[in-house]
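Rule-based calculations on the coordinates, nothing more; no lab input. For clarity, every value in this text was computed on a predicted model and none was experimentally measured. A quick note on method: Cβ atoms are made from the backbone with ideal geometry, for glycine too, and the neighbour counts reach across all protein chains shown.
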Amino acid sequence: MTIEISYGAAEVVTGSCHFVKFDDGTKILVDCGMFQGLDEWKNYEPLGFDPSQIDYLLVTHGHLDHVGRIPLLYKEGFRGKIIATPATFDLMKIVLLDTAHLMAEDYATAFKKAQRRGEEESVKKPLYSKEDVKAALRLPRRTVKYGQTFKLARNITVRYKDAGHIVGAAFIEIEYQDGNIHKHVVFSGDLGNRQVHLNPPPQTAFASANVFVESTYGDRLHKDYASSVAEFKEVILKTLKHDGTVLIPSFAIERTQQLLCILGEMSRKGELPHRTEVFLDSPMAIKTTRVYEKYKNLLSDYCKNLDEPFSFPNLRFATTTNASKRINGKKGPNIIIAGSGMCNGGRILHHFKHRIWDKRNAVIFVGYQAEGTLGREIIEGAKFIEIYGERIKVNAQIYTINGFSAHADQKELTDWLSAIDGLQKIFLIHGEEDKQQIFKKHLIQTLHKKVHIVKQGEIIHL
């Protein structure tokens, strides 16, 4: 009998963390991610289990909400083996070091302000430091290739398959012996959007009675990708025509590389005004782009056929703080891609401060905006926003283009599940509860399977 407990991404999108215990005593964790948005406070709550008892950490991919608490796991006593694809290990290092750096900066700023109020004790310390990250990354590891089957224990085998979400992303098939019965369980991680031209489509799980599947967009269908690209280009050209600036808050992993592909194509075709400069103002996104270049063989055929899918003549990298500040002195036409993707920190805030009040400019949101983030506030129509204590009017044109999502939509998730042999029960994770209810009803009607919405800390016997 296998016992599974979700300590994150249960009735919420973020904080992925799933604990699995087998009859032979083997204990594994699938992901250990950070909560984001309104659920950030959960990062400071107890993990809910003893990390020192975990034998293996199986990582699906390198996004913060799937790897962000791994250094905390180490701090709390985890000394087991981490298993992931090579690209995921590379991304994990970038993400975790960047997160530790940002937490340290935020703490120093908050502490200085609290000192002036005599309230130093009220400031929460960072979850972990860069030293904790480096120590966690020195733990025993195993790198795996897609399709490779390996043993965790005598009666437990694991296989990673391409999830098509970001470079190196995988869903995980686990086979195990329960008495005399041979069983399977699958953890989807995050499944990719088949329409997007950056990654190959997700592979299909071979056979499993039980599947834990993400449901981020289980309530809807994505806009057609070609239409989204056309809309993206239209907004850019309309803004640049009036010497405006296009501001794009973007996630460093996957979304930025996707946008660079599109802008590179526009540059090669001569569609961008000749004076246009495109600034990638994110050290993390620049490092991530190098990882994508390193593992180009894992990307779509479209990317493989380009010599430099993420580079073009008018692209500028802003690696330093001074280089970022110099961008604010430049007049349009230009395009600024900066983090963070949900506008809850990062260099995009400085560019908002200098440009979001100007009606000649535009902001394009190309990714999910979690509840409680500044990005969500803006797309919901905020007339004013507060940045670094300053109240700023939102005059720029605001656009949301949803077709760029790296997540599968309702139809793609349903198709992926329908292709799994022997599927009996579907467990919904990684989704907001109201959207999961819609997806649950849809799956029952279309696939005629049992569907269960997983709750935080719930014990499930398989």
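Just a few scattered comments:
- For the peptides 318-330, 3-15, 192-204, residues were scored by their other Cβ atoms within 10 Å and the scores averaged per peptide; the highest-first order is 3-15, 192-204, 318-330.
- Principal-axis tilt of helix 86-117 within the chain, Cα atoms, nearest 10 degrees: 60 degrees
- Nearest 10 degrees, 0 to 90: helix 255-268 Cα axis against the chain principal axis: 50 degrees
- Its Kirkwood hydrodynamic radius, worked out from the mean inverse distance over all distinct Cα pairs, puts the range 324-422 at 15.3 Å.
- Coordinate range of the alpha-carbon atoms in the chain per principal axis, descending: 71, 56, 39 Å.
- Rounded to the nearest 20, the Cβ-based charge dipole of the range 50-141 about its Cα centre (Lys and Arg +1, Asp and Glu -1) stands at 200 debye.
- Pairwise label distance in nanometres, ASN328 with ASP24, each label 7 Å out on the Cα-Cβ vector: 5.9 nm
- The range 165-206: C-alpha gyration tensor shape, a/c 1.5 cut-off, then a/b vs b/c: prolate
- Divide the volume of the convex hull around the Cα atoms of the range 169-295 by the residue count and you get 145 Å³ per residue.
- Cα-based helix-to-principal-axis angle, 433-447 vs the chain, degrees rounded to 10: 60 degrees
- Here the relative contact order of the chain, from alpha carbon pairs under 8 Å that lie six or more residues apart, stands at 19 percent.
- Considering only beta bridges that DSSP places wholly inside the chain, some 45 percent are antiparallel.
- Reachable lysines, given that their alpha-carbon falls under 27 Å from the alpha-carbon of LYS241 and they are not under 8 places away in the same chain: LYS223, LYS233, LYS269, LYS325, LYS330, LYS331, LYS353, LYS359, LYS383, LYS393
- Nonlocal Lys pairs with alpha-carbon distance under 22 Å, the range 46-126 (8 or more apart, or different chains): 9
- A simple packing score, the average count of other Cβ atoms within 10 Å per residue, orders the peptides 395-408, 79-92, 41-54, 109-122 as 79-92, 395-408, 41-54, 109-122, with the highest score first.
- Here's the list of aspartates and glutamates a cross-link from LYS238 could span, going by alpha-carbon distance under 18 Å and ignoring same-chain residues fewer than 8 apart: GLU265, GLU271, GLU277, ASP358.
- Only helices enter this figure: runs of n ≥ 4 DSSP H residues, each worth -39500 (n - 2.57), summed and divided by the residues of the chain, yield -9500 deg cm²/dmol at 222 nm to the nearest 500.
- Paramagnetic label reach from ILE181 (point 7 Å along Cα→Cβ; backbone nitrogen cut-off under 13 Å): within the range 423-451, residues 424-425.
- Our note on the geometry: Cα centres of the range 303-341 and the range 171-215, 36 Å apart.
- Stretchable slack from GLU76 to ARG391, in nm (0.36 nm times residue separation minus alpha-carbon distance): 109.4 nm
- Residues whose placed amide H lies under 5 Å from that of THR60, excluding near-sequence neighbours: ASP31
- Whole-Å distance, taken between Cα centres, linking the range 402-430 and the range 1-70: 21 Å
- Peptide packing for 375-385, 275-285 was compared via the average number of neighbouring C-beta atoms within 10 Å per residue; ordered from the highest value, the list is 275-285, 375-385.
- Point-to-point label distance, GLU277-LYS238, nm (Cα→Cβ direction, 7 Å offset): 2.6 nm
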